[in-house]
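Trainee: Got a structure for you, questions after.
Please treat every number below as a calculation from the coordinates, not as lab data. Since we're looking at a predicted model, the values are computed, not measured. Glycine also receives a Cβ, built like all others from the backbone with ideal geometry; neighbour counts cover every protein chain displayed.
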Amino acid sequence: MIVHIITGLGDGGAEGVLYRLCKHDMECCHVVISLMQGGQYAAPLRELGVPVHELGLKRGRIGPGAVLRLRGLLKQYKPDVVQTWLYHADLLGGTVARLMGVPHVSWGIRHGELAPGKTKRMTIAIAHLCARLSRRVPHAIVSCSFAARDIHVRLGYDAAKFRVIPNGYEIDKLVPDLEARKAFRSELAIAEDVPLLGMVSRFHPQKDHPNLFQALALLAREGRKFQVALVGTGMTVDNEALMALAGRLGVLDRIHMLGRRNDVVRVMNGLDLHVLSSASEGFPNVAAEAMFCGTPCVVTRTGDSALVAGPTGWVAEPGDPVALASAIAKGLDAIGDAPAWQQRKAAARRYVLGRFSIGTMVAAYHRCWDE
């Protein structure tokens with residue numbers, strides 16, 4: 001019996017990985033406890049037959065009632081393993097589980113960077129507290145990336161307990177699809193001879209959309225032909241800050257603000273290049289998803305982004321619009337050589353197929369839990 005304790009079940013990378021892990025692990029029974037109320041993945045998990053309990057905590061508040069309910073659930077299920085996800089769950093869930101004598105407590109680390117102004121002060125404080133407790137509370141610490149592991153070891157986490165388990169993906173769903181490509185580009189009225197760039201990411205300082213917009217402005221001034229699809233929470237025409245920036249930089253007519261969507265395969269197939277302009281990353285899910293669909297990537301050198309993009313992508317230093325524009329330009333030039341571009345697209349898919357399948361991830365979690 002594996003009990004997962006996670007901060008919430010909203011739209012995020014950790015939540016998606018938890019869902020895929022529960023869906024594809026045929027050997028273990030899983031239960032999910034969310035410290036907060038509801039979220040995008042609550043219903044899909046229940047549809048899998050996974051019991052989901054929601055403690056209803058408010059952000060920044062831990063009441064005694066929730067602690068007692070968490071304790072009661074652990075007493076009810078008597079888990080062999082408690083796997084926690086994200087700092088708040090690591091701290092609260094991991095500590096309660098260890099005090100109750102759960103045989104194996106495994107923390108989950110997802111953050112690629114903890115920087116004031118980009119990460120909430122409370123989150124940073126809890127991460128520092130977890131560093132101090134890491135020698136006593138968890139039996140193992142799972143990180144989704146090598147970069148995140150190194151950052152947390154420098155923060156004071158117990159290095160010996162880390163296990164790096166890259167995210168795994170449902171490769172039967174993330175596939176190249178010519179009809180999906182045509183449909184997405186038709187929706188945006190993008191001609192086939194116009195390169196379509198895209199970035200699938202929520203609006204957040206860590207994603208550094210201003211860096212992307214400045215790079216696009218540099219490319220536009222060079223006379224480059226392209227359009228850009230921006231997908232994610234907060235990426236709508238109601239985002240006054242980004243719309244104003246696009247207007248000042250002269251790229252407003254090249255940008256399609258599409259908001260949050262559920263058709264990621266359609267989007268990734270429609271793009272020629274996926275661009276990730278982040279100032280901070282752990283393991284960039286969207287880059288891997290793009291490559292499974294045969295879409296090469298431009299990324300910044302943050303977290304494990306360069307590792308994911310591999311030899312078929314291009315890498316720029318973070319926070320440097322000139323470098324990002326140069327990397328995108330190389331991608332645009334590569335698109336112009338049609339036979340070589342098709343080979344690169346196929347190579348991008350082969351690269352991630354060999355490294356980030358769901359089966360590989362599930363097996364790695366089993367090894368961690370079995371120790």
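Trainee: Which percent of Cα-Cα pairs in the stretch 178-353 sits in each 5 Å bin, short to long?
Mentor: 1, 9, 19, 24, 23, 16, 6, 1, 0
Trainee: Please find, in a Gaussian network model of the chain (springs between Cα atoms separated by less than 10 Å), the residue of 130, 144, 28 whose mean-square fluctuation is greatest.
Mentor: 28
Trainee: Give the lysines whose C-alpha is closer than 20 Å to that of residue 225, dropping any in the same chain fewer than 8 places away, or say none.
Mentor: Cross-link targets: 182, 330.
Trainee: With all distinct Cα pairs included, what does the Kirkwood hydrodynamic radius of the stretch 276-371 come out to in Å, to one decimal, could you say?
Mentor: Here the Kirkwood hydrodynamic radius works out to 14.2 Å.
Trainee: At R0 = 51 Å, how high is the FRET efficiency between residue 125 and residue 334 if r is their beta carbon distance? Nearest 0.05 is fine.
Mentor: 0.70
Trainee: Same structure, new question: Using only Cα atoms, find the angle between the long axis of helix 64-77 and the longest principal axis of the chain, and express it within 0 to 90 degrees, rounded to the nearest 10.
Mentor: Taking Cα atoms only, the helix is inclined about 80 degrees.
Trainee: Can you list residues from other chains, or at least 5 along the same chain, whose modelled amide H is less than 5 Å from the amide H of residue 276?
Mentor: 298, 299, 300
Trainee: By the scheme Lys and Arg +1, Asp and Glu -1, what is the net charge of all other residues having a beta-carbon under 10 Å from that of residue 1?
Mentor: After counting each charged neighbour, the total is 0.
Trainee: Once both axes come from the Cα atoms, what is the angle between helix 240-249 and the longest principal axis of the chain, in degrees from 0 to 90, rounded to 10?
Mentor: The angle comes out near 30 degrees.
Trainee: If each Cα of the stretch 1-50 is one equal point scatterer, what is log10 of I(q)/I(0) from the Debye formula at q = 0.17, 0.22, 0.25, 0.30 Å⁻¹?
Mentor: -0.42, -0.72, -0.94, -1.34
Trainee: Next question, about the same structure. If the cut-off is a Cα-Cα distance under 17 Å, which aspartates and glutamates reach residue 120, setting aside same-chain residues fewer than 8 apart in sequence?
Mentor: Answer for residue 120, where 17 Å is the Cα cut-off: 90, 208, 281, listed by chain and number.
Trainee: Next question, about the same structure. According to the Cα gyration tensor, what semi-axes, each the square root of 5 times an eigenvalue, does the equivalent ellipsoid of the stretch 214-310 have, listed from largest to smallest in whole Å?
Mentor: Over the Cα atoms of the stretch 214-310, the ellipsoid semi-axes are 22, 16, 14 Å.
Trainee: Give the Rg (one decimal place) followed by the Dmax (whole number) of the chain, computed from C-alpha coordinates and expressed in Å.
Mentor: Computed over the Cα atoms of the chain, radius of gyration and Dmax are 21.1, 65 Å.
Trainee: Please give the helix 209-221 orientation as an angle from the longest Cα principal axis of the chain, in degrees from 0 to 90, rounded to the nearest 10.
Mentor: 10
Trainee: Need the list of aspartates and glutamates near residue 23 for cross-linking: C-alpha distance under 12 angstrom, and skip anything on the same chain fewer than eight residues off.
Mentor: Reachable aspartates and glutamates: 47, 170.
Trainee: Rg/Rh for the stretch 68-210: what does it come to with C-alpha atoms and Rh from Kirkwood?
Mentor: 1.12
Trainee: Tabulate in residue order the Karplus-calculated ³J(HN,Hα) for the stretch 188-205, using 6.51 cos²θ - 1.76 cosθ + 1.60 with θ = phi - 60°, rounded to whole Hz; enter x for Gly and Pro.
Mentor: Ordered by residue, 3J(HN,Hα) equals 8, 6, 9, 5, 5, 8, 9, x, 10, 8, x, 9, 9, 5, 5, 7, 7, x Hz.
Trainee: Pick out, in residue order, every one of the GluC sites (Glu not before Pro) in the stretch 182-239 that is DSSP loop and has at most 13 other C-beta atoms within 10 Å; say none if there are none.
Mentor: In loop regions of the stretch 182-239 (DSSP not H, G, I, E or B), the sparsely surrounded GluC sites (Glu not before Pro) are 192, 222.
Trainee: Given a 10 angstrom Cα cut-off, can you work out which residue in 179, 54, 289 is the most mobile in a GNM of the chain?
Mentor: Result for the chain, Cα springs under 10 Å: 179 fluctuates most.
Trainee: Distance between the C-alpha centers of the stretch 86-165 and the stretch 169-197? Whole Å please.
Mentor: One Cα centre to the other: 38 Å.
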